[in-house]
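To keep things clear, I will list the structure first and then write my remarks on it.
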Amino acid sequence: MGLVVQKYGGTSVGSIERIKAVAERVSKRRKAGDELVVVVSAMAGETNRLFKLASELCDAPNARETDVLVATGEQVSAALLAIRLQALGHPSISFLAHQLKLSTDSEHGRAKIKSIECERLIAALRGDRVVVVAGYQGVDEAGDITTLGRGASDLTAVALAATLKADVCEIYTDVDGVYTADPNVVPGARKLKRVSYDEMMEMAGLGAKVLQLRSVELARRYNVPLVVRSSFSEAEGTWVGQEDKSMEDVLVSGVALDLNQAKVTVGGVEDRPGLAARIFGPIADAGIVVDMIIQNASADGRTDITFTVPRDDLRRALDIIKRVASEIGASAVRHEDPVAKVSIVGLGMRTHAGVAATMFRVLSEERINIEMIATSEIKISVVVNSKYGELAMRALHDAFLGHSASAAGGAA
């Protein structure tokens, strides 16, 4: 017996039949004696449908009203699951964010959680109820509905698990764990039994879609045990938690591919202090996340600055950069959309030399040109032409995680 927070993604609740299947899974755990808090996403495709409705009315829909609209998807899922659980004989109650209350800032579309008041939730658990919570949403100080960003039902679940000090947070999705690469791109990808918070954060930030980045950051901060499982099978999933010594024996744990990146170059920037701040300050103020940055060596007192941003933010970034470029006397603004960011991740990279050299050699042998490079203790990322992204991912997986790499400690 224990307190368990479960989260079911959009595909897991994508139809009435799938909601019934989730209810059966929850029922089984309840009968085993676990106290359950179940967080649900909107039914698969529903959030996109709601965004599309708004875009058909206006090119730039108001952010507050868009949040009011898209938050209804999770409300539907939560109510339907509670209804089904009641039909199976389990007293259940659904909560929306304002009923908990899950407080956030007022940054509509990407709000940050400030606090959770769990009195009603705890009272419901003590009353022997299964609690179903609508994910993805919050409420700000003014009482307005906010949303936490795409994929943020994971974040709702982890935040609740941390607040309630749950024994485990189980993330149910359409895959049965975390793989060494996307199995749809790399047929030889293998499921990992365990992965560290740091590795999972890197993978999530680099394009792996199994867990939302902010949810992993929060889990690490509060030491919430995570497990990723499939809602369509009973297969053992992947545990995400604190690293141990054995994890460092693995050179590379995974290869990630992100095709949701665009590259921007500001050409002919005068090479003097303060101009980089002039460029990146307004971008940060607009809430646009800049990923990789390179600055060319100065020539004739001028340089080029290149950086990457999410594709969804490219238009806003270009509007800002073109204005700033004119103000600082830069000669040009160019962009490439999309580009591919390919990354290798592993705790073992801290203590093993030659990983970067191997990566660059593999890409060279495939005649793939590297446009940008970024590194951390446990990650190396490169930007390449988008048409070579999947080829690069497969080649790097074969080199570091294929059967031929196992003897060298590269297997996960």
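The values are calculated or read from the model by the stated rules, or taken from the named source; none is laboratory data. All figures in this text were calculated on a predicted structure; none of them were measured in a lab. Cβ coordinates were reconstructed from backbone atoms using ideal geometry, including for glycine residues, and neighbour counts include every protein chain displayed. We work out accessible area using only protein heavy atoms, side chains counted, and drop any ligands, DNA or RNA first. Shrake-Rupley method; radii C 1.70, N 1.55, O 1.52, S 1.80 Å.
For S103, the conditions (1) in contact (Cβ under 8 Å) with a residue 40 or more places away in the chain; (2) under 24 Å from E217 (Cα atoms); (3) in contact with a strand residue (DSSP E or B) (Cβ under 9 Å, 6 or more places away or on another chain) all hold with the exception of (1). Residues that are open to solvent by 10 Å² or more (accessible area, probe 1.4 Å) and in contact with a Ser or Thr (Cβ under 7 Å, 6 or more places away or on another chain) within the range 121-135 comprise just one, R129. For the range 321-335, state whether one or more residues are under 30 Å from M393 (Cβ atoms), hydroxyl-bearing (S, T, Y) and assigned to a loop (DSSP other than H, G, I, E, B). For the range 321-335, residues under 30 Å from M393 (Cβ atoms), hydroxyl-bearing (S, T, Y) and assigned to a loop (DSSP other than H, G, I, E, B): absent. Filter the range 301-325 down to the residues that are over 28 Å from L206 (Cα atoms) and basic (K, R), then identify the one that is surrounded by the fewest Cβ atoms within 10 Å (Cβ to Cβ). If we take residues in the range 301-325 being over 28 Å from L206 (Cα atoms) and basic (K, R), then R323 is surrounded by the fewest Cβ atoms within 10 Å (Cβ to Cβ).
Inclusion of T358 among residues that are surrounded by 17 or more Cβ atoms within 10 Å (Cβ to Cβ), polar (S, T, N, Q) and more than 30 Å from I283 (Cα to Cα) is warranted.
Identify the residue in the range 304-320 that is hydrophobic (A, V, I, L, M, F, W, C) and assigned to a helix (DSSP H, G or I) and, among all such residues, is farthest from the chain's Cα centre (by Cα). The selected residue is I320. Residues of the range 73-94 that are more than 17 Å from I145 (Cα to Cα), among the aliphatic types (A, V, I, L, M) and in contact with a strand residue (DSSP E or B) (Cβ under 9 Å, 6 or more places away or on another chain): A79, L80, L81, A82, I83, L85, I93. For the range 286-300, the set of residues classified as more than 12 Å from A374 (Cβ to Cβ), open to solvent by less than 40 Å² (accessible area, probe 1.4 Å) and in contact with a strand residue (DSSP E or B) (Cβ under 8 Å, 6 or more places away or on another chain) consists of I288 only.
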